[in-house]
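Read the structure below first, then the notes.
The values are calculated or read from the model by the stated rules, or taken from the named source; none is laboratory data. Quick caveat, the model's predicted, so the values are computed rather than measured. Cβ coordinates were reconstructed from backbone atoms using ideal geometry, including for glycine residues, and neighbour counts include every protein chain displayed.
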Amino acid sequence: MIRILVGGDVCPMGAVEPLFIDGNALAIFHDLLDEIASAHLSVVNLECPLVSRKTPINKAGGWTLGAAAECVRGFVAAKWQVLNLANNHSFDQGAAGLGETMYTIRKAGINVVGAGSNIQEAGIPFITQFADQRIVIYSMAEREYSVAHENGAGANPLDLINVVAAIHAYKKGGVFIVLLHGGAESLYPSPEMVKRCRFMVDMGADAIVCSHSHRPLPWEIYRNRPIVYGMGNFVFEDLQNPLHPPFGWQEGYLAALTVESGTIGFSPIPYFQSRLKPGAVRMDKGSQEHFVAELQERRARLTETGFLELEWSRYCQHKQDDYLGGVFGHNRLMRKLARLFPHLLYSRERVLRALLFSRCETHREVLNTLFRDASSRGG
């Protein structure tokens with residue numbers, strides 16, 4: 001039996017950064033160290049450039065991350081074998097920062113997946129062999145500021161056509177595992193996320209493991225293949241409010257995958273993180289039982305007819321001010337007015353036009369191209 005361990009989002013900033021620099025793996029990963037060391041293959045998402053000099057990019061919304069290059073010592077000491085860079089923060093320090101991060105990781109003897117100097121390089125999976133079993137790790141991220149393109153460095157972007165092509169090119173009778181960085185900070189995956197992940201299994205993927213949600217989401221077994229919709233943060237302090245982080249921020253689970261006789265197994269390894277001490281600590285028995293039971297309840301609802309659509313609609317209504325205010329360029333005062341007089345600021349005509357531009361594939365491609373070119377000019 002082959003055991004593969006996949007970890008979620010790690011950001012070596014805040015109280016944990018000196019521990020990474022010192023290579024103090026025990027003070028970071030605590031009683032989870034044995035799980036990492038005993039795995040045949042261990043992969044974790046590094047959601048922070050490791051740089052000697054910060055060169056932050058311009059971006060709207062979200063944190064711009066960057067930690068000392070010496071933080072790689074913590075990953076080496078913990079014996080992580082592969083660092084995944086397909087996420088929305090890997091390009092936060094620009095092409096130079098990503099290049100230094102990849103160089104630093106490889107120089108330390110750890111493999112990199114999910115990013116590159118261009119989109120072709122970023123899409124190359126990590127491949128290894130255990131006896132007669134081939135293991136392929138293919139990683140990608142939703143299209144925020146970090147993704148690579150034909151002539152530019154970045155993370156491998158989410159593209160289902162590329163996933164199918166990669167399965168045909170690289171699986172070759174082995175086990176094909178997809179790491180997907182994306183999703184919303186809700187209690188359930190969106191209907192589109194579920195549809196997307198199940199499609200990848202239909203096309204030949206053997207497991208899908210998602211990160212990015214900053215809170216744990218349920219998993220499911222689809223066609224005898226595990227789909228993990230969100231592991232939560234692994235080692236990621238709330239840098240703005242470490243004493244009072246958002247709900248779900250301080251708990252998560254590792255995805256333990258097993259490969260035996262063509263069967264792919266999955267089990268969660270729950271932990272608390274950045275809670276009473278820096279780093280991640282395995283949950284006690286009572287907390288673990290409660291945590292798993294709650295996720296199992298949510299897991300059971302994934303197949304209820306209409307439930308995910310209703311839950312997604314509720315989440316979107318909750319985020320309406322942020323999204324519509326951003327689209328229409330409203331400041332704080334205008335957003336307050338919009339809550340009081342939504343039909344005045346969000347007229348039916350304006351909303352229908354925005355819907356057309358965002359939903360139609362060609363219109364969306366035109367907007368993406370215009371915004372991309374304007375941002376590259378600084379205009």
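Couple of notes before you dig in:
- Residue within the range 195-205 that is under 27 Å from GLU311 (Cα atoms), within 13 Å of the chain's Cα centre (by Cα), surrounded by 16 or more Cβ atoms within 10 Å (Cβ to Cβ) and of a type in the set (A, V, I, L, M) present: no
- Residue that is surrounded by fewer than 16 Cβ atoms within 10 Å (Cβ to Cβ), in contact (Cβ under 8 Å) with a residue 24 or more places away in the chain, closer than 19 Å to LEU46 by Cβ and assigned by TED's automatic domain parsing to the domain that holds PHE291, where the choices are GLY123, GLY154, GLY114, GLY109: GLY109
- Restricting the range 133-155 to residues that are more than 21 Å from LEU5 (Cβ to Cβ) and among the charged types (D, E, K, R), the residue that is farthest from the chain's Cα centre (by Cα): GLU150
- Restricting the range 275-298 to residues that are in a helix (DSSP H, G or I) and among the aliphatic types (A, V, I, L, M) leaves a set whose member that is farthest from ALA207 (Cα to Cα) is ALA293.
- With respect to being out of contact with any Lys or Arg (no Cβ under 7 Å at 6 or more places or on another chain), of a type outside the set (Lys, Arg), loosely packed, with under 12 Cβ neighbours inside 10 Å and under 30 Å from PRO18 (Cα atoms), ASP284 fits the description.
- Here LYS285 fulfils each of the conditions (1) free of Cβ contacts under 8 Å to residues at least 40 places away in the same chain; (2) outside the structural domain of VAL6 (by TED's automatic domain parsing) apart from (2).
- Single match in LEU276, LEU310 (criterion: farther than 15 Å from ILE221 by Cα and either outside the structural domain of VAL44 (by TED's automatic domain parsing) or of a type in the set (Gly, Ala, Ser) (or both)): LEU310
- Qualifying residue in the range 356-371 (condition: more than 25 Å from the chain's Cα centre (by Cα), over 30 Å from PRO18 (Cβ atoms), charged (D, E, K, R) and surrounded by 11 or more Cβ atoms within 10 Å (Cβ to Cβ)): no
- Residue within the range 43-53 that is modelled with pLDDT of 95 or more and over 22 Å from VAL113 (Cα atoms) present: yes
- Boolean, HIS168 is at pLDDT 95 or above, surrounded by fewer than 20 Cβ atoms within 10 Å (Cβ to Cβ) and not charged (D, E, K, R): yes
- Scanning the range 242-274 for residues that are under 21 Å from the mean Cα position of the chain (by Cα) and either assigned to a loop (DSSP other than H, G, I, E, B) or among the basic types (Lys, Arg) (or both) yields a total of 8.
- Long-range neighbours under 7 Å by Cβ, at least six apart or interchain, first residue buried (at least 16 other Cβ atoms within 10 Å of the Cβ) within the range 20-42, second modelled with pLDDT under 95: HIS40/PHE130
- Among the residues of the range 217-241, those that are in a loop (DSSP other than H, G, I, E, B) and aliphatic (A, V, I, L, M) comprise LEU217, LEU239.
- Selection from the range 73-106 of residues that are assigned to a helix (DSSP H, G or I), crowded, with 24+ Cβ neighbours inside 10 Å and either within 20 Å of the chain's Cα centre (by Cα) or without any contact (Cβ under 8 Å) to a residue 24 or more places away in the chain (or both): PHE75, GLY97, LEU98, THR101
- Matching option when the condition is closer than 30 Å to SER267 by Cα and either basic (Lys, Arg) or modelled with pLDDT under 85 (or both), among ARG299, ARG335, ARG372: ARG299
Every residue, every condition in (1) farther than 26 Å from VAL147 by Cα; (2) at pLDDT below 95; (3) touching an Asp or Glu at 6+ places or on another chain (Cβ under 8 Å), yes or no:
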| position | (1), (2), (3) |
| --- | --- |
| GLY173 | yes, yes, no |
| ILE177 | no, no, yes |
| VAL228 | no, no, no |
| PHE236 | no, no, yes |
| GLN250 | yes, no, no |
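- Assessment of the range 312-319 against the conditions (at pLDDT below 75, of a type in the set (Lys, Arg) and closer than 28 Å to ILE57 by Cβ) yields no matching residue.
- All positions within the range 91-150 that are in contact with a strand residue (DSSP E or B) (Cβ under 9 Å, 6 or more places away or on another chain), charged (D, E, K, R) and over 19 Å from SER375 (Cα atoms): GLU100, ARG106, GLU121, ARG134
- Contact map, the range 257-278: residues that are over 29 Å from PRO12 (Cβ atoms) paired with residues that are of a type in the set (A, V, I, L, M) and assigned to a loop (DSSP other than H, G, I, E, B), Cβ distance under 9 Å, separation 6+ or inter-chain. Pairs shown: VAL259/MET1; GLU260/MET1; SER261/MET1; GLY265/MET1.
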